[in-house]
Amino acid sequence: MNRYQRQIQLEDVGPSGQEALAKAKVLVVGAGGLGSPILQYLAAAGVGTLGVADMDTVALSNLHRQLLYSTQDVGKPKVLAAQERLKSLNPEIEIKTYPEGVHTENIMPMIVSYDLIIDGTDNFSTRYLINDACVKSNKAWIYGALFKHQGQFALFNHRGGPCYRCLYPKPPAAGEVAGCNILGVLGTVAGIIGLQMAHLALQTIIWPEEVPNRSVFYVNQQNFSVQHLKMDKNQSLCDNVQSDSWELPQTNAVTNCDSPPNTLSLKEALLLDQALFLDVRDTEEQPKIASVDLQIPVRELELRLKELDKEKTYIAFCKSGQRAKAAATLLKEHYFEAVYALSASAQHLKNAIENENSTTNEVY
């Protein structure tokens, strides 16, 4: 027990608290900016079983805020890189991995084995899915969210407390909220909110009767303030979610502000039937492509979402691909299902459109 001696010395933890941690089973959905500190601190504290659900691979742009990974992990599945790192941190605990992430079809059988669920995805569709599944399964869960220099976190559905829909009954309308791919986020903010979520998880395991289950905590790192909002339970709404007639929200897989959008090579894009090309460059950028369907600069996209049809397929493109990925991510966050980022440049697209017989092997 030397590994945990310092926390066992706390009189309100002691051997019994450490035993509760050892017996606990916690599922962390999302191993990105929030999930990284959550997983590390729960593993270090001796939580006996940790589940890690994430379908992404480690990207170089993750590393400023996802300190669970190193440069050598770039390209690896996050769940495998996380498992390796966590086992080296604490070989005494069990790490279960779910490389498919969570989605409508697998979440109910997945969460039944866990005592506590933690949502580290910072994604609306997954958040409502987790909430509804936890209400139906009578599982407590912890959520966190990031916005520029701010964050918030809370414990839901714990011992008769409110669920997430008691606070936000419905997802935001398209265009209301932008993700961190557009707004940006400091790594320290993700770390601070993730640590708060990890601490809330430890409290829930060790002191389940004392943990705050009717408050949302707001943290502003620009002025170092912390505020909390009291929540009321909407019993009829929770009862509706728990009923057999309530269907889980449809989502295919975990996507979040750390998740790369689907990308297409130029060859793949040109073969995609009925897809519309979306130019997200600034209006003055060259080359001009006369036959392109739509042009909305990425910095204006959030305000012009009503110009797009969610039933159609879009392929975003730009000069190098980075803004196209940001645009595709934003559209996915607002429930556009068929949206892709073109890996090729605008110049290559122009050349291919002008000469359908030209080879595109050099760009895919």
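The values are calculated or read from the model by the stated rules, or taken from the named source; none is laboratory data. Because the structure is predicted, anything quoted here is derived from the model rather than measured. Cβ placement follows ideal geometry from the backbone for every residue including glycine, while neighbour counts extend to all protein chains displayed. These area figures cover heavy atoms from the full protein model, side chains too; ligands, DNA and RNA do not enter into them. Shrake-Rupley method; radii C 1.70, N 1.55, O 1.52, S 1.80 Å.
Of all the numbered requirements in (1) assigned to a loop (DSSP other than H, G, I, E, B); (2) open to solvent by 40 Å² or more (accessible area, probe 1.4 Å); (3) under 25 Å from Tyr41 (Cβ atoms); (4) of a type outside the set (D, E, K, R), Gly75 misses one, and that requirement is (3). Residue check: is Asp258 modelled with pLDDT of 90 or more, open to solvent by less than 20 Å² (accessible area, probe 1.4 Å), touching an Asp or Glu at 6+ places or on another chain (Cβ under 9 Å) and charged (D, E, K, R)? Criteria not met by Asp258.
When the residues of segment 38-50 are filtered to those that are surrounded by fewer than 23 Cβ atoms within 10 Å (Cβ to Cβ) and not in a helix (DSSP H, G or I), which remaining residue is nearest to the chain's Cα centre (by Cα)? Only one residue fits best here, namely Thr49. Going residue by residue through segment 329-347, is there one that turns out to be of a type in the set (Lys, Arg) and either assigned to a loop (DSSP other than H, G, I, E, B) or open to solvent by 70 Å² or more (accessible area, probe 1.4 Å) (or both)? Checking segment 329-347: not a single residue is of a type in the set (Lys, Arg) and either assigned to a loop (DSSP other than H, G, I, E, B) or open to solvent by 70 Å² or more (accessible area, probe 1.4 Å) (or both). Within the option set Thr71, Thr49, being polar (S, T, N, Q) and within 21 Å of Thr188 (Cα to Cα) holds for one residue only, Thr71. Helices (runs of 4 or more DSSP H) fully within segment 191-302 that include at least 1 residues being under 21 Å from Ala338 (Cβ atoms) and of a type in the set (A, V, I, L, M, F, W, C): 266-271, 298-301. Of the candidates Ser16, Ser61, the single residue that is part of a helix (DSSP H, G or I), of a type in the set (Ser, Thr, Tyr) and either touching a Leu at 6+ places or on another chain (Cβ under 8 Å) or within 23 Å of Lys148 (Cα to Cα) (or both) is Ser61.
Assuming Gly160 fulfils every condition listed in (1) closer than 27 Å to Leu331 by Cα; (2) open to solvent by 10 Å² or more (accessible area, probe 1.4 Å) apart from one, which condition is it? It fails just one condition, (1). Please enumerate the residues belonging to segment 166-188 that are touching a His at 6+ places or on another chain (Cβ under 6 Å) and either closer than 15 Å to Arg65 by Cβ or at pLDDT 85 or above (or both). Passing the criteria: only Gly187.
Give me the pairs, please: first residue somewhere in segment 300-317 and under 20 Å from Leu266 (Cβ atoms) and modelled with pLDDT of 90 or more, second residue anywhere and aromatic (Phe, Trp, Tyr) and not in a loop (DSSP other than H, G, I, E, B), beta-carbon distance under 9 Å, and either six or more positions apart or on two chains. Close Cβ pairs satisfying both conditions: Thr313/Tyr340; Tyr314/Phe277; Tyr314/Tyr340; Ile315/Phe277; Ile315/Tyr340; Ala316/Phe277; Ala316/Tyr340; Phe317/Phe277. For segment 111-121, the set of residues classified as assigned to a loop (DSSP other than H, G, I, E, B) and either without any contact (Cβ under 8 Å) to a residue 12 or more places away in the chain or farther than 10 Å from Val29 by Cα (or both) consists of Val112, Ser113, Tyr114, Asp115, listed by residue number.
Can Gly17 be described as more than 30 Å from Asn262 (Cβ to Cβ), in contact (Cβ under 8 Å) with a residue 24 or more places away in the chain, open to solvent by less than 40 Å² (accessible area, probe 1.4 Å) and not basic (Lys, Arg)?
Judged against the criteria, Gly17 is a match.
Are any of the residues in segment 20-37 open to solvent by 30 Å² or more (accessible area, probe 1.4 Å) and β-branched (Val, Ile, Thr)? Within segment 20-37 (the criterion being open to solvent by 30 Å² or more (accessible area, probe 1.4 Å) and β-branched (Val, Ile, Thr)), the answer is no, since none of the residues qualifies.
With the condition kept exactly as written, say whether any residue in segment 318-332 is at pLDDT 90 or above, closer than 30 Å to Gly75 by Cβ, over 24 Å from the mean Cα position of the chain (by Cα) and among the hydrophobic types (A, V, I, L, M, F, W, C). Within segment 318-332, one or more residues are at pLDDT 90 or above, closer than 30 Å to Gly75 by Cβ, over 24 Å from the mean Cα position of the chain (by Cα) and among the hydrophobic types (A, V, I, L, M, F, W, C).
For the residues Glu247, Glu268, Glu209, the requirement of being more than 15 Å from Gly144 (Cα to Cα), at pLDDT 95 or above, acidic (Asp, Glu) and open to solvent by 40 Å² or more (accessible area, probe 1.4 Å) singles out Glu209.
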